[in-house]
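What follows is a short report on a single structure.
Every read-out reported here was derived from the displayed coordinates using simple, explicitly stated rules and does not represent laboratory data. Values in this document were obtained by computation on a predicted structure and should not be read as measured data. With ideal geometry, Cβ positions are generated from the backbone for all residues, glycine too; neighbour counts draw on all protein chains shown.
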Amino acid sequence: MADPSCGGTVTDLRPEHPRNEIYSREDQTTDMGWQQGGVEQALLSPHAGNHNQALLQNKTTDIGRQQDREELVHKKRHTGERLYKCEQCDYSAKLKHHLDRHVLKHTSEKPFKCDQCDYSAKLKHNLDRHVLKHNSEKPFKCDQCGYSAIRKSSLDNHLATHTGTLRKRRPRPYKCEQCDYSAPHKSGLDRHVLTHTGEKPFSCDQCGYSTVQKCNLDKHLATHRDDRPFKCEQCDYSAKQKHHLTRHLLKHTGEKPFSCDHCDYTAARKSDLDKHLATHIETFRTRPYKCEQCYYSATQKHHLERHVLKHTNKKPFTCDQCDYSAARKSQLDAHLAKHTNEKPYSCGECEYRTTQKYLLNRHMRIHTGEKLHKCDQCDYSTVEKQRFDIHVSRHTGEKAFLCEECGYRTRHRFALSQHLRSHRGEKPYKCDQCDYSVGDKGSLDRHLAKHTGEKPFLCEQCGYRAAKKADLSKHMRRHTGYKPHKCDQCDYSAATKSSLIRHNKKHTGYKPYACEECGYRAVAMGDMSRHMRKHTGEKPHKCDQCSYRAAHKCNLVYHIKRNHSEGKPLSD
């Protein structure tokens with residue numbers, strides 16, 4: 001009988017182990033004595049133990065080595081050293097599975113496929129999360145109301161609406177030395193630093209486009225490809241993704257499956273219904289910090305504290321060179337730049353200079369042609385998210401935000417907020433050079449241009465000048481006759497959206513603004529302001545070539561054309 005570890009036999013072992021003749025009664029089968037097999041096993045077992053001891057020692061050594069490796073990896077976490085390097089870029093990671101996950105970004109492979117649609121993912125947990133959308137399973141339930149969610153993080157955010165507390169913000173230990181930016185991960189800081197250096201490592205091999213982030217390059221590369229495999233059978237629309245086509249088909253059917261529980265509003269998309277629900281006071285519970293003086297509510301306490309300053313008119317930040325004061329330090333900083341005329345942020349490709357970094361970043365996209373937001377229903381693209389949202393709403397035609405006092409509807413939350421100020425008489429935007437105040441920032445910007453006199457945008461057909469490019473664009477419609485805004489109740493069309501809104505109120509007959517002196521009623525606040533000049537005798541429009549003054553701008557324009565036709569070009 002041989003030992004499986006070394007090949008030794010019992011015959012060889014007997015001289016070496018004469019006292020190891022141990023007998024077992026289990027081997028007794030006859031009256032003649034013991035079976036030889038039992039003796040052999042008894043002699044071989046102690047010898048095999050020597051090998052078992054060696055194997056145990058080797059296994060202990062392997063465990064020790066593994067523990068050493070784990071201890072080394074753990075220590076590297078404290079030192080910040082990243083042992084695992086990507087061979088295709090400068091990415092590095094502390095843990096190997098982080099590197100494995102990163103490498104997937106360099107490949108287009110998406111091995112995890114959904115068996116109910118054409119969705120595919122690089123990571124299994126992304127597929128698992130996607131599948132929940134098909135079976136409508138929402139495993140995370142709120143024990144205080146009927147809310148349920150697909151992800152635990154969504155439930156955690158919801159629970160904050162009951163407790164009035166918010167989840168702690170992730171710490172951001174990585175600070176930028178050139179500005180006040182901070183990031184939770186070093187990779188985020190490294191990416192941000194490129195905005196200061198101007199370096200754009202990701203470039204398109206088909207044109208001169210370059211960008212800071214690879215995801216932006218991926219989006220840009222899609223503009224070179226014309227792969228829209230999902231076609232509409234009722235029109236020439238095509239889409240890159242199936243769910244975009246599904247959403248488009250609702251336009252043909254007119255179906256609006258999402259309805260509001262509080263009113264008769266219906267929508268084709270759930271996102272539009274969600275926006276609409278935000279207009280109901282009942283849903284303001286998702287913003288636990290509420291203003292006691294108006295409808296405003298906020299997700300964070302410091303946002304509410306900043307808002308309350310508008311009601312109190314408290315302006316703790318004062319200018320030491322004039323009597324200007326502001327509710328926020330950022331407003332004071334912007335004001336101080338007017339005294340010093342300092343514009344530290346300059347464009348390296350043109351003469352543009354500005355007082356704030358974010359304005360320079362936005363300006364630079366004019367030179368790079370970078371437009372982060374692209375419409376999947378047409379070829380529109382823009383650098384600003386707010387403009388993109390406005391554009392998308394034109395495709396859907398939805399006006400999800402409703403004023404419960406007068407029935408006013410709009411596509412945008414900020415427009416509803418501005419509208420509500422007209423009911424409250426609130427005018428938070430104040431001019432620091434005169435006593436003018438207004439309810440929206442755009443009107444204040446237009447007013448400030450009157451103080452500076454700067455009007456860089458020129459009409460080459462008539463000499464008209466404007467302070468803003470948008471004003472020049474509206475003016476050009478007078479020459480082209482372009483009237484894109486159409487009334488859905490008659491054949492009226494207008495060059496500007498505001499003109500259409502004013503026209504639509506004629507159909508409703510609603511005139512919320514009343515004159516206390518004569519009973520005159522107006523559709524818009526601007527109409528009422530012009531009417532009041534008849535009672536006050538105010539003539540704010542002054543001719544800069546003579547002493548003539550007019551109550552209305554149209555009268556001033558007529559005066560200039562009649563008396564100063566050889567003078568300087570007209571301006572807004």
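Some observations on this one:
- Residues in the range 445-459 carry Karplus couplings, in order, of 4, 5, 5, 4, 5, 5, 6, 7, x, 7, 9, x, 9, 10, 8 Hz; the curve used is 6.51 cos²θ - 1.76 cosθ + 1.60 with θ = phi - 60°, and Gly or Pro positions show x.
- Taking the Cα centre of the range 83-137 as origin and assigning +1 to Lys and Arg Cβ atoms and -1 to Asp and Glu Cβ atoms, the resulting dipole is close to 180 debye.
- Take every pair of alpha-carbon atoms less than 8 Å apart whose residues are at least six positions apart; their mean separation over the length of the range 83-137 yields a relative contact order of 20 percent.
- Near residue 520, the amide H atoms lying under 5 Å from its own belong to 515; only residues 5 or more places off or on other chains count, and H is placed 1.01 Å from N.
- For the range 83-137, the equivalent ellipsoid derived from the Cα gyration tensor has semi-axes of 29, 12, 6 Å, listed largest first.
- Modelled spin-label separation between residue 483 and residue 543, with each label point placed 7 Å from Cα along the Cα-to-Cβ direction: 3.1 nm.
- Placing dummy labels 7 Å off each Cα toward the beta-carbon, the span from residue 349 to residue 330 is 2.6 nm.
- Label-to-label distance, nm, for residues given as residue 98 and residue 193 (7 Å Cα→Cβ offset): 1.7
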